[in-house]
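*Asks:* Have a look at the structure that comes next, please.
The values are calculated or read from the model by the stated rules, or taken from the named source; none is laboratory data. A quick note: this is a predicted structure, and the numbers were derived from the prediction, not measured. Don't worry about glycine lacking a Cβ; one is built from the backbone with ideal geometry, like all the others, and counts go over all protein chains shown.
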């Protein structure tokens, strides 16, 4: 699978570990930065990751920051992307099964490497459940306020 990954400085080490692990699993990993632990702004990397996924350059994305919250907010500004913050496997599962999330966000200060790997394994292995969830997911990309102003 083609997977894009991005972080801020707080999650730089987690990004490096997960990138290597994903590549070892046979995935094609695109690291969108940053390339050091020097302070950066998470929205810049969240927007970059969201664009990469929205443009079809990656099938899935991994967004990382200190808590996972800030970068997920940036990623979710793109209507073609559905990013879920997770810290355990059940949320990772439902983010795919119910919400067809194409990006997972995790916080380096909130989760250890083994739990992050477990969440990512579940996220990548779980298909979208479809059925009753389809119309709900479609509404995420086309909210009422966007329809009213168009």
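*Asks:* Just the residues that are part of a helix (DSSP H, G or I), free of Cβ contacts under 8 Å to residues at least 40 places away in the same chain and either more than 12 Å from residue 74 (Cβ to Cβ) or out of contact with any helix residue (DSSP H, G or I) (no Cβ under 7 Å at 6 or more places or on another chain) (or both), please, taken from the range 13-51. If you could, list the steps in order and put the result at the bottom.
*Replies:* Narrowing the range 13-51 to residues part of a helix (DSSP H, G or I): 13-24, 42-51.
Next cut, free of Cβ contacts under 8 Å to residues at least 40 places away in the same chain only: 16, 19-20, 23-24, 42-45, 47, 51.
Passing the criteria: 16, 19, 20, 23, 24, 44, 51.
*Asks:* Still on this structure, I have one more. Please work out which one of (1) under 16 Å from the mean Cα position of the chain (by Cα); (2) assigned to a helix (DSSP H, G or I) is the condition residue 111 fails and give its number.
*Replies:* Going through the list (1) under 16 Å from the mean Cα position of the chain (by Cα); (2) assigned to a helix (DSSP H, G or I), residue 111 breaks only (2).
Quick grid of which residues meet (1) buried (at least 16 other Cβ atoms within 10 Å of the Cβ); (2) at pLDDT below 95; (3) closer than 18 Å to residue 141 by Cβ:
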position	(1), (2), (3)
7	yes, no, no
27	yes, no, no
46	yes, no, yes
52	yes, no, yes
88	no, no, no
93	yes, no, no
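*Asks:* So, in the range 61-86, exactly how many residues are under 11 Å from the mean Cα position of the chain (by Cα), under 22 Å from residue 139 (Cβ atoms) and either modelled with pLDDT under 95 or in a helix (DSSP H, G or I) (or both)?
*Replies:* Total meeting the criteria: 4.
*Asks:* Could I ask something else about it? Assigned to a loop (DSSP other than H, G, I, E, B), under 17 Å from residue 123 (Cβ atoms) and within 14 Å of the chain's Cα centre (by Cα), is that true of residue 58?
*Replies:* Details: assigned to a loop (DSSP other than H, G, I, E, B): yes; under 17 Å from residue 123 (Cβ atoms): yes; within 14 Å of the chain's Cα centre (by Cα): yes.
For residue 58, the condition - assigned to a loop (DSSP other than H, G, I, E, B), under 17 Å from residue 123 (Cβ atoms) and within 14 Å of the chain's Cα centre (by Cα) - is met.
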